[in-house]
Each structure stands twice: as structure tokens, then as C-alpha cells.
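As C-alpha cells, the structure follows; a few thoughts come after it.
The values are calculated or read from the model by the stated rules, or taken from the named source; none is laboratory data. None of these values were measured; they are calculated from a predicted model. Here the Cβ positions follow ideal geometry from the backbone for every residue, glycine too, while neighbour counts run over all protein chains shown.
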Amino acid sequence: MTPAQALIRNHFSTRWRALERPSRMAAPAPWRSWLLDNGSLTQRLVSASRGRFHVEVLRQGFYRPSRSEALALGLPPRRLALIREVQLCGNGQPWVYARSVFPVSTLSGAERRLADIGNRPLGSVLFRDPSMQRDPLQIGELQLADGTRLWARRSVFHLSGKPLLVCEVFLPALESVEYPLRRNSFG
């Protein structure tokens, strides 16, 4: 794990803002399209990388979610959950650091498969599930100790009514990547 990843991990209790008024969002222009898109980020990254996309699993196991994460999921304090941290890479560079929190109760029935997706993108599972519902996006700005400012978004997804939280932190290498316009329906 790089020092930047360790710093990011320590910021998951950041203040998150609901996107009720996206036009007033203070995010710089290069990040707005990435932050506001309700579609599959995985598909956007695959398109932007012209298929040179992969997922690198950094850590997965049962840990305590941050207080903010537990609150977003309605979990009691100090309850363990499956936490999966990955880098979404395009053209050989890490573009997004993603952290997903799966309550133990979510990992039952058909959703048990979520614990074993390995290096497949979670988005490919979520956006193909007909039961998937997504709560409104929230955005946050992470200020790292070295002064770097990163933009992030998160939302709670529901599969068959069971919640999971996905947070995506947009890394500096993505800033110069052109946001791909939607040419067809992504799933």
C-alpha cells in the first residue's frame, strides 16, 4: 500500500454533502462530470481507457467501518463489515481508489457472491442486477496531510433491499483523462 492509499483510508469520516444542488457544487470543472454521473463508473473508465482497464484489489476483509460509513448504512457502532478496497486503473495508472462496505447481513442469499468477486469490478455486478436501487450521491473533499485535495463521491446501493456503501476517490491521474460522452446505454 502506498502512503497516499494509507492517507486516503484515514479520511473516510470526511464530511459528505448530498447533491441536492449540484449546480452549486464547488468541485473544479474537470471533476464535475465524474462526480455527478449516476451511471456505471466502471463503464466510463473502460471507455476512457479504450479497454485498457483493470481492478487491483488492495485489501479485503472484515473490519470496522468508519463512524460515517456505519451511520450511512444504519449499522450499530463497532459492528464488523466486509470492507473491500481497490484501485480502478486505466492505461496502467490508478485512476480511482474505491472502498466498499458490505454489512454482514447483506452477504446472504444471492448477494453472498459479493464477497468473492476478486478483481472483477463491483460496478459490473451492481449495474446488471435488476433489483439494484441507488440512494442519492454524496460528495466530499479529502485534504491529505501533504496538502493534496481529492474529490470523492459515495452512495448506498441496495440489492434485493440489502444495503452496501460504495465510495470512490478520484485520483490526480484521472484529472487529465477526458470524460467519455455516453454513446449507448451502459449496464
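Given (1) assigned to a helix (DSSP H, G or I); (2) surrounded by fewer than 15 Cβ atoms within 10 Å (Cβ to Cβ), where does Glu69 come up short, assuming only one miss?
With (1) assigned to a helix (DSSP H, G or I); (2) surrounded by fewer than 15 Cβ atoms within 10 Å (Cβ to Cβ) applied to Glu69, the lone miss is (2).
Checking Gly118 against (1) under 13 Å from the mean Cα position of the chain (by Cα); (2) over 27 Å from Pro30 (Cα atoms), which single condition isn't satisfied?
(1)
Does segment 44-54 include one or more residues that are surrounded by fewer than 17 Cβ atoms within 10 Å (Cβ to Cβ), within 18 Å of Val169 (Cβ to Cβ) and hydroxyl-bearing (Ser, Thr, Tyr)?
Looking for residues that are surrounded by fewer than 17 Cβ atoms within 10 Å (Cβ to Cβ), within 18 Å of Val169 (Cβ to Cβ) and hydroxyl-bearing (Ser, Thr, Tyr), one finds none in segment 44-54, hence no.
Just one of the numbered conditions (1) at pLDDT below 95; (2) over 11 Å from Val166 (Cβ atoms); (3) touching a strand residue (DSSP E or B) at 6+ places or on another chain (Cβ under 9 Å) is not true of Arg153; which one?
All conditions are met except number (2).
Per-residue answers, yes or no, for (1) assigned to a loop (DSSP other than H, G, I, E, B); (2) at pLDDT 70 or above; (3) touching an Asp or Glu at 6+ places or on another chain (Cβ under 8 Å):
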residue: Phe12; (1), (2), (3): yes, no, yes
residue: Ser23; (1), (2), (3): no, no, no
residue: Pro30; (1), (2), (3): no, yes, yes
residue: Trp34; (1), (2), (3): no, yes, no
residue: Asn38; (1), (2), (3): yes, yes, no
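Across segment 89-134, which residue is surrounded by the fewest Cβ atoms within 10 Å (Cβ to Cβ) among those that are of a type outside the set (Gly, Ala, Ser), in contact with a His (Cβ under 8 Å, 6 or more places away or on another chain) and farther than 19 Å from Leu75 by Cβ?
The selected residue is Asn119.
Just checking, which of Leu150, Leu159, Leu171, Leu137 is in contact with a Ser or Thr (Cβ under 7 Å, 6 or more places away or on another chain), crowded, with 18+ Cβ neighbours inside 10 Å and closer than 23 Å to Val57 by Cα?
Sole residue among the options that is in contact with a Ser or Thr (Cβ under 7 Å, 6 or more places away or on another chain), crowded, with 18+ Cβ neighbours inside 10 Å and closer than 23 Å to Val57 by Cα: Leu159.
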